[in-house]
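Take a look at the structure set out below.
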Amino acid sequence: MFTLLHQTVERFVHLDAHERAVFENVFTFRQVPKKFTLVDYGQITRELFFINKGLLRLYYTKDGEEITGFIFREGLFASSYDSFLRQAPSLQYLETLEDCELLVLRHEKLEELYRILPKINIFTRKVAEQRFINAQMILSSFLLDTPEERYIKFVEHNADLLLRVPHHIIASYLGITPVSMSRIRKRIMK
């Protein structure tokens with residue numbers, strides 16, 4: 001149950017056997033069905049999710065339309081981070097796109113971990129740095145790339161998601177309409 005989590009942590013910091021046991025002890029395992037809302041708009045996010053299996057989608061709503069902000073896959077931590085870190089109402093939704101197996105860390109347990117396992121401070125800083133880099137790359141792509149270039153980059157890095165995620169959600173993530181994405185796909189296939 002903790003193999004993928006430990007592999008993820010080991011990329012940034014080494015935990016000995018005792019530290020691993022302490023780390024594991026703060027998580028709870030949760031199986032969640034597809035289309036389940038983990039974080040609702042306006043709710044204070046009290047949990048951080050590590051994805052062992054499945055996909056999660058972070059999205060916003062505007063004028064009744066859903067706008068996908070990010071698609072989280074196995075081996076990633078997911079949450080409405082702003083809400084989780086500030087313990088303020090969420091401006092986003094977080095839902096499952098597939099049946100999921102999650103390791104759940106409550107906010108107060110993370111704070112406890114920071115005190116009893118200082119290496120976790122380094123680990124969470126490294127994860128935050130990765131999230132910042134990803135956010136910068138996404139922003140740069142929206143500013144500098146054409147919709148077709150964004151689609152090509154998405155396919156290069158996430159081809160498997162084309163088979164796992166409804167195309168209208170991918171189109172939303174890329175900032176294009178499903179019809180535009182369909183046209184782009186047809187042009188590329190020629």
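Quick notes
- Of residues in segment 43-67 being in contact with a Phe, Trp or Tyr (Cβ under 6 Å, 6 or more places away or on another chain) and surrounded by fewer than 19 Cβ atoms within 10 Å (Cβ to Cβ), the one nearest to GLN136 (Cα to Cα): ILE67
- Condition met for THR3 (in contact (Cβ under 8 Å) with a residue 12 or more places away in the chain and among the polar types (S, T, N, Q)): no
- Comparison of ALA88, ALA78 shows that the only residue that is crowded, with 19+ Cβ neighbours inside 10 Å and either of a type in the set (A, V, I, L, M) or in contact with a strand residue (DSSP E or B) (Cβ under 6 Å, 6 or more places away or on another chain) (or both) is ALA78.
- Residue within segment 161-175 that is at pLDDT 95 or above, part of a helix (DSSP H, G or I), of a type in the set (Gly, Ala, Ser) and surrounded by 14 or more Cβ atoms within 10 Å (Cβ to Cβ) present: yes
- Filtered residues of segment 149-160 (kept if closer than 16 Å to PHE72 by Cα and either assigned to a helix (DSSP H, G or I) or touching a residue at least 40 places away in the same chain (Cβ under 8 Å) (or both)): PHE154, VAL155, HIS157, ASN158
- Summed over segment 80-112, residues that are of a type in the set (A, V, I, L, M), assigned to a helix (DSSP H, G or I) and modelled with pLDDT of 95 or more total 1.
The values are calculated or read from the model by the stated rules, or taken from the named source; none is laboratory data. Quick caveat: nothing in here was measured; it's all calculated off a predicted structure. Cβ sites come from the backbone with ideal geometry, for glycine too, and all protein chains shown count toward neighbours.
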